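Peer 1: The structure under discussion is supplied below as structure tokens; questions concerning it will follow.
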Amino acid sequence: MSSPKRILLIIGGGIAAYKCLELIRRLKERGHSVRAVMTKAAHQFVTPLSVGALTNERVLTDLFDLDEEREIGHIRLARDSDLIVVAPATADLLARMAGGHADDLATAVLLATDKPVLVAPAMNPAMWLHPATRRNVAQLKADGIGFAGPAIGEMAERGEAGPGRLVEVPQLIEAIESALEPETANSGLLAGRHVIVTSGPTHEPIDPIRYLANRSSGKQGFEFAAAARELGARVTLITGPVSLPEPDGVRIIHIKTAAEMLDAVRAELPADIAVFAAAVADWRVVAPQTEKIKKAEGRNAPTLTLTENPDILKTIAQPGPDRPRFVIGFAAETQDVLAHAKKKLKSKRADWIIANDVSPSSGVMGGENNTVHVVTADGVESWPEMSKAKVARKIMERAAEQLQAKRTAAE
Ligand code: CTP
């Protein structure tokens, strides 16, 4: 938990605005003070009365409210806080921020501030993916604005799914607290190191149209790449087909099959750390058809003959001059998690295995959080549930320390 801070929360007009009430309550519980500004549109979704009751402060709404201007003034408001959080940040609000508008209190404060700004977007996936929003987001990132989310999932509109959901409150708090206290102490921990991360599922073709795959979202792997980058590493992310925003400053190699993933990893060696977070398909079709397999009356359903894919982790972790200096594998299990993980540590010759329960009830596959056990030659450490971003950060920091210890031991 970080030391108490003053947070200015700008509430935009979106269906997710109600989550701000929970956000304010949790931030206050953690000792922070919160002052809120609401856009005009936000009034359609939450009332200033309920926001004010939770913040214990008058809610500010309009640039031209002379009373408010006399009391604090938007310039002071912009500077009197440690962090400005915009949640939910609608497509329109992002566009106005990117354009430098200042025609209401929210945008005037955002233009006048010299404090860090964190935005949590929430909108329909089509709006988030629209080239105009992509441009605005790129501009805001270039301007130094921090982003939390959006999360991927079902939208308020029935049947719509994709990136655009406001991140859940615990993740938003985590992002707020790390924006307040950037972990600068560790920011150079992996400077000069090369980190390779495999991520996502692989797709094994049956014919040009069909393939074998699995439910991996790739989120945990992408978080590893982002965490390694934040710690100063040069990062190569080798990913199967996923629909995730690409982390900044990371070299991304897109592959489809396990064989392509193995080739890509080999081509990117040497590496200081390799993280094998991909959910590689264990089998592939022996003879994928070059033309679409057609059904025909009287003909039996086709039989797929499968053969085992190369085990990428096992291949790369074999002792030899090319072996990355630190190898981290995963054991995604639905039962006997630790027993399987310990076996994999030995059989795959990894330095660590990160084990987790991926039963449907765990919500890990596709979810934001993960509960992991770090299995090493020295034993097992079980961590509490935390966001995938935090898991990645903590593991990369630990791996960096291990690398340092190896180097010191070698000297
Ligand atoms: N892995 C890999 N290449 C494969 C299979 C797995 O690199 N062909 C890696 C994964 O990225 C992960 C670890 O090995 O780091 C464990 O993968 P998992 O699929 O859980 O284990 P399997 O070896 O496939 O064992 P089992 O099928 O018994 O669960």
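The values are calculated or read from the model by the stated rules, or taken from the named source; none is laboratory data. Predicted model only: the values in this text are computed from it and were never measured. A quick note on method: Cβ atoms are made from the backbone with ideal geometry, for glycine too, and the neighbour counts reach across all protein chains shown. Please note that ligands, DNA and RNA were not included when accessible areas were found on the heavy atoms of the full protein model with its side chains. Shrake-Rupley method; radii C 1.70, N 1.55, O 1.52, S 1.80 Å.
Peer 1: Inside the stretch 320-351, can you point out the residues that are within 10 Å of the ligand (Cβ to nearest atom) and not aliphatic (A, V, I, L, M)?
Peer 2: Correct list: GLY329, PHE330, GLU333, THR334, HIS340, LYS343, LYS344, SER347, LYS348.
Peer 1: Taking ASN356 as the residue in question, decide whether it is farther than 20 Å from GLU381 by Cβ and within 12 Å of the ligand (Cβ to nearest atom).
Peer 2: no
Peer 1: Please note which helices (runs of 4 or more DSSP H) are completely contained in the stretch 30-132 and include at least 3 residues that are assigned by TED's automatic domain parsing to the domain that holds GLY153 and open to solvent by 20 Å² or more (accessible area, probe 1.4 Å).
Peer 2: 48-55, 66-71, 74-79, 91-98, 125-129
Peer 1: A further question on this structure: Please determine, by comparing only the residues of the stretch 272-289 that are touching a residue at least 24 places away in the same chain (Cβ under 8 Å) and away from the ligand (no atom under 14 Å from the Cβ), which one is nearest to ALA399 (Cα to Cα).
Peer 2: ASP272
Peer 1: In the stretch 305-319, what count of residues is obtained for those that are open to solvent by 50 Å² or more (accessible area, probe 1.4 Å) and part of a loop (DSSP other than H, G, I, E, B)?
Peer 2: 4
Peer 1: Then there is this: Working only within the stretch 401-411, note down all residues that are open to solvent by less than 80 Å² (accessible area, probe 1.4 Å) and in contact with a strand residue (DSSP E or B) (Cβ under 8 Å, 6 or more places away or on another chain).
Peer 2: GLN402, LEU403
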